[in-house]
Amino acid sequence: MTLECPYTDLAAHGSESTNFEAILQTLEFYLADGIQRDREDILAIERALLETCDTITATFDAERKNWPYEIRVAESAKGVDSHSTATMMIRAIDLLGGLGQKGTSRPAYPFKINADDLEKLVLSRTNAFKALADSLRNDREQQEDRKVPIITRSGTYGRNDPLTLSFLAEVLLASDDAADLIDDARLIAKQLTDIDPTTSFSTFFNFGDEGSASKPVTNAFVPLLVVRAAQALRHQFGSAVSYLRYFESTLHDQLSYSGIPDSRFDPAELIFSLEGMLRLSDQAIDVRLFDRVLEVLEQAQQTSAHWRPSKPFLRTERGLVLFPISVEAANSLLWCCESLDDERFHGRSERYVLLFRRFWNWLAARRVSLPSATQRVSGWHSDHVADPDSIQLWDTAQVVGFLLGYRRSLHNHIARTTLRLSRFNVRKPKAGSQSWSIHTRDSQHSLGTVSSGLKKDEARLRETFEPVTSLGPYFETYRKIEEEFLVPWLEQNPRSYSMLLYGPPGTGKTTVAENLADALGFSLITITVSDFLAGGGGEVEARAKMMFDVLQAQANVVILFDEIDELVLDRSSKRHGQQDTVFKFMTPGMLTKLNDLRRAKRSIFIMATNYAYRIDPAIRRTGRIDENYLLLPPDSESRQRMIKQFLLSAVREKAIPKDHDLDPAQLDGQKWEALTKASFFLGYKDIEAAVSRVIHQKKDKGTRAELERELLGWGRTTTLRLYNGAFHETDDRDAIEREFFPLVEMATREGGLLHGNPALDISEMLKVDQKTNKAPFTSEEEMNDLALKFVKERSPDYDRE
């Protein structure tokens, strides 16, 4: 398929005049070409990371419980024990194994390491951290007379230096039994953040009472490390304004230098300043300024793919200098690009991915492989050292951070690009006014998915939306979703990834998906039959393949397949045999696609249907669908709560006056019972509409009796007569009974006022089918008895009375 313009141009311009066919072509173009480059980089990075894991475990000195500073050919490993090297290596292990994610959302694209290799990494980490912690505590005990303990030491950076502290903070927060060391680190962070970076830069480093030949050189890299450490340790410092001014001034200086040949321009310091501004104020960088920074970095890469730092942060009088390394600048830029993750900046992802790709190509060419005592090891050394026989593990540890970050950036770029080009219906998460329940409250507040403060959070969303509690815990769908999906995902330990939501029309299946997505902070992608038909009837299978390529690329989203029954019909059913549409042969292909989506384990997908018994049993089996949940219309308790909520809202908004006949305060138990019985088999939207119609009648005609009549006469989307033909439609009687019997039991328990209403008409179910010479039920009494038995088998404590 020939295109006149690449997908990136169309996506960037966002032209409203672009027709759908062109958009579809661009998605096809990207899936056939652009995505391959990104995936090739991902595979190459993963190979490099796995080999680096082997290097980390192979070079760990079990006796010293640390890693050497440097490895050289035919020489012993070099370097004395250093806190800076230890913290960098431990941090690298935490990133590789996803071990440092406490209090954050589940990583979208975790790097997978086999169990044996992960066990070796964890063992090295455990031993190294124990030795590090013992050393830190020992140093602290020897310095008890000092206000601020001297707990870190580095032969290069001195004592309590910002670089070691920035890594140590992350390591301590990811470790158990480190509370005392975290307190010490916070004291050091406070001391460092009290330093004004403009007037007192030299005091960032402490080389001891004996002094040192090293002298600090003003560089944004150092105060950035201080800010990183302070934020990791959750230390609020009062000098944030002076830091922000320093970073802003330095950034604009570097932008000015970039246009002057042979000037003091340092691309690394430009990047460090950008991160510093973003960390202190997420509103400090707008699209225009970010575009300018990217433009300058693109120009800088034309002469140096790795933005080699040209400005040191330590020097001696004899001219020896210590520079930041290129990978530190690359990691800083990665953090900035991930932080600028909103709609304003999404169109820039293609630009910064290209920047990182050039850096990766340069990095891959500099990888060193050396023989060791037991195996070959591989890694990197500082870009300021051109030695093909050297691996510096501290540098390799920071490269690990870049490789993981670039891999994540590629995955995000693939997901974002395919989703944008697909034009699916995407709903962004909204912070709710309350948590799902008390069991999720703390986790939701940590993730920021609740808008109210912790003290004002009633944590009753589940209770508010749970439609049925009267039939026993088995039928409490919101509770089961909380236990099987929400809590495990919030705790970063998901075990289920797919569910079938079924039940009569109007029972709130979409609302369940929205509530779950909001509680997790995930976007909701809704897929309907029209999405499969977007390319025309003859392109349904090709379109379906592209759609699932897009969906598999997404992570940490909820995907709702809304009423796509026609695509997954039971192949043994009469309806499938009579089907004469483009969907007739879709079921086998959908089985494979849903299976692959489930195996990806990146998202939650929900199949919502009003007719579960029409879906092919192979779809419903565990392996594709983890859980099947019946969503029933609200019971009397839920309906009363809804009516009361709508009436109270009307009183607050003065749609009805206080002491009015519809004021909830005026309704006694008998009147509430009449209203709840009159609203039987009505859903949330139906009740809301009925109440609204009555309270907005002219001349104050809306009364309690009028509301009761309105509810009683409202058209039901949930009815028993819906199932009149169901028992003759499929041989899978169990699939129908799972949905039908709870409705029958609810009707027996609560539907007295609707006796004779068409909603409860079951006459067709008592008639003999001419083909089978059987009736689904011999009598209404038999049907009611079977319904009660069905409910009690699942909720033994249930009592109809």
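At a glance:
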{"item": "Any hit, the stretch 762-773, residues being of a type in the set (Ser, Thr, Tyr), within 30 Å of Glu708 (Cβ to Cβ), over 42 Å from the mean Cα position of the chain (by Cα) and surrounded by 13 or more Cβ atoms within 10 Å (Cβ to Cβ)", "result": "no"}
{"item": "The stretch 434-472, residues that are within 25 Å of Pro505 (Cβ to Cβ), touching a residue at least 40 places away in the same chain (Cβ under 8 Å) and part of a helix (DSSP H, G or I)", "result": "Leu461, Thr464, Phe465"}
{"item": "Unmet requirement for Glu710, which otherwise passes all of (1) modelled with pLDDT of 90 or more; (2) surrounded by fewer than 18 Cβ atoms within 10 Å (Cβ to Cβ)", "result": "(2)"}
{"item": "Filtered residues of the stretch 357-377 (kept if buried (at least 17 other Cβ atoms within 10 Å of the Cβ) and either assigned to a strand (DSSP E or B) or in contact with a Leu (Cβ under 7 Å, 6 or more places away or on another chain) (or both))", "result": "Val368, Leu370, Val377"}
{"item": "Wholly within the stretch 503-566, helices (runs of 4 or more DSSP H) carrying at least 1 residues that are open to solvent by less than 10 Å² (accessible area, probe 1.4 Å) and closer than 17 Å to Ala415 by Cβ", "result": "509-520, 540-553"}
{"item": "Filter result for Lys701 (modelled with pLDDT under 90, out of contact with any helix residue (DSSP H, G or I) (no Cβ under 9 Å at 6 or more places or on another chain) and either within 22 Å of Asn610 (Cα to Cα) or open to solvent by 30 Å² or more (accessible area, probe 1.4 Å) (or both))", "result": "no"}
{"item": "Failed item in (1) acidic (Asp, Glu); (2) surrounded by fewer than 13 Cβ atoms within 10 Å (Cβ to Cβ); (3) part of a helix (DSSP H, G or I), with Asp342 passing the rest", "result": "(3)"}
{"item": "Only listed residue being in contact (Cβ under 8 Å) with a residue 40 or more places away in the chain and either open to solvent by 30 Å² or more (accessible area, probe 1.4 Å) or closer than 17 Å to Ala86 by Cα (or both), chosen from Ser202, Ser175", "result": "Ser175"}
{"item": "Residue list for the stretch 278-326, restricted to those being more than 14 Å from Cys337 (Cα to Cα), assigned to a helix (DSSP H, G or I) and of a type in the set (Val, Ile, Thr)", "result": "Val296"}
{"item": "Residue within the stretch 783-800 that is open to solvent by 80 Å² or more (accessible area, probe 1.4 Å), touching a Lys or Arg at 6+ places or on another chain (Cβ under 7 Å) and more than 24 Å from Pro505 (Cβ to Cβ) present", "result": "no"}
{"item": "Residue, surrounded by the fewest Cβ atoms within 10 Å (Cβ to Cβ), within the stretch 721-734, restricted to residues that are in a helix (DSSP H, G or I) and either in contact with a strand residue (DSSP E or B) (Cβ under 8 Å, 6 or more places away or on another chain) or acidic (Asp, Glu) (or both)", "result": "Asp734"}
{"item": "Helices (runs of 4 or more DSSP H) wholly inside the stretch 161-277 containing at least 2 residues that are over 23 Å from Ile90 (Cβ atoms) and of a type outside the set (S, T, N, Q)", "result": "240-257"}
{"item": "Subset of the stretch 102-157 [surrounded by fewer than 16 Cβ atoms within 10 Å (Cβ to Cβ), at pLDDT below 75 and under 19 Å from Leu404 (Cα atoms)]", "result": "Lys102, Thr104"}
{"item": "Some residue of the stretch 290-308 being touching a strand residue (DSSP E or B) at 6+ places or on another chain (Cβ under 8 Å) and at negative phi", "result": "no"}
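The values are calculated or read from the model by the stated rules, or taken from the named source; none is laboratory data. None of these values were measured; they are calculated from a predicted model. For neighbour counting, all protein chains shown are included, and Cβ atoms are generated from backbone atoms with ideal geometry for every residue, glycine included. Side chains are part of the model used for accessible areas, which takes the heavy atoms of the whole protein and leaves out ligands, DNA and RNA. Shrake-Rupley method; radii C 1.70, N 1.55, O 1.52, S 1.80 Å.
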